[in-house]
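The values are calculated or read from the model by the stated rules, or taken from the named source; none is laboratory data. Computed from a predicted structure; not experimentally measured. Here the Cβ positions follow ideal geometry from the backbone for every residue, glycine too, while neighbour counts run over all protein chains shown.
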Amino acid sequence: MKEQVLKGALAAIFGTATALAAVPAMAYEAGDLVFRAGLAGVLPTGDGTHPAAPGPNIEADDGYSLGLTGTWMATNNIGVGLLAAWPFEHDIETKGGLAGTGDAGDIKHLPPTVTLQYHFNTASNLHPYVGLGVNYTYFFDEDTSGAISDAGLDLDDSWGLAGEIGVDYELQNDWLIGAAVWYIDIETDATVSGSATAALNQSFNVDIDPWVFMLSVGKKF
């Protein structure tokens, strides 16, 4: 499922040029503001290992939410992008060890990401761009279940690099449809505390490192 969603998002980005008939249009210009909203998905690729058992033995499931992005064009080619969203929620699963196998809880997070973007000038309604920047991920509402339901769980906030590639297709009256994919370096220290199983009360590293995709509608101002 994860691979199908990611392939679909990538196909939307790279296939738009041939799927839609391009007609003459103005490229983005300095001072333009572009706002987008749509479906966003966070698809983790990493995992973690609790010290009480050989690993990797902990991973987060995919999460989906309302995504929001904005771009301010500093020049005709250079823009500053912001990725924001309604909070994402992920189920946490364990695979063996003292915590057993199955659901272990859920977490919520916000992943605001700022990128410096380069927009390619084209003689069509297509506006492709690439970007590189930094992500800050704030974790909250960490709940536990299953074998660690008696314990508390805390995830440290994360800073990391982010890369993106995307495309906008301009419609009439400055409306547009867009697709974008980010790869984000998210790494956090997780701490289990208060469990009756003393060996579970430890801190450990978790690499989340998700692909993030967004399919959106937007407007240029």
Among the residues of segment 202-216, write down those that are hydrophobic (A, V, I, L, M, F, W, C) and within 11 Å of T49 (Cβ to Cβ). F204, V206
D150 fails exactly one of (1) part of a strand (DSSP E or B); (2) at pLDDT below 90; (3) touching a Ser or Thr at 6+ places or on another chain (Cβ under 7 Å), namely (1)
Odd one out for V192 among (1) under 19 Å from the mean Cα position of the chain (by Cα); (2) surrounded by 21 or more Cβ atoms within 10 Å (Cβ to Cβ); (3) aliphatic (A, V, I, L, M); (4) farther than 16 Å from F88 by Cβ: (1)
Out of curiosity, is G63 within 12 Å of the chain's Cα centre (by Cα), buried (at least 21 other Cβ atoms within 10 Å of the Cβ) and within 22 Å of M214 (Cβ to Cβ)? yes
Within segment 163-189, the residues that are within 25 Å of the chain's Cα centre (by Cα) and either assigned to a loop (DSSP other than H, G, I, E, B) or over 30 Å from G218 (Cα atoms) (or both) are D185, I186, E187, T188, D189
In segment 61-82, how many residues are part of a strand (DSSP E or B) and polar (S, T, N, Q)? 3
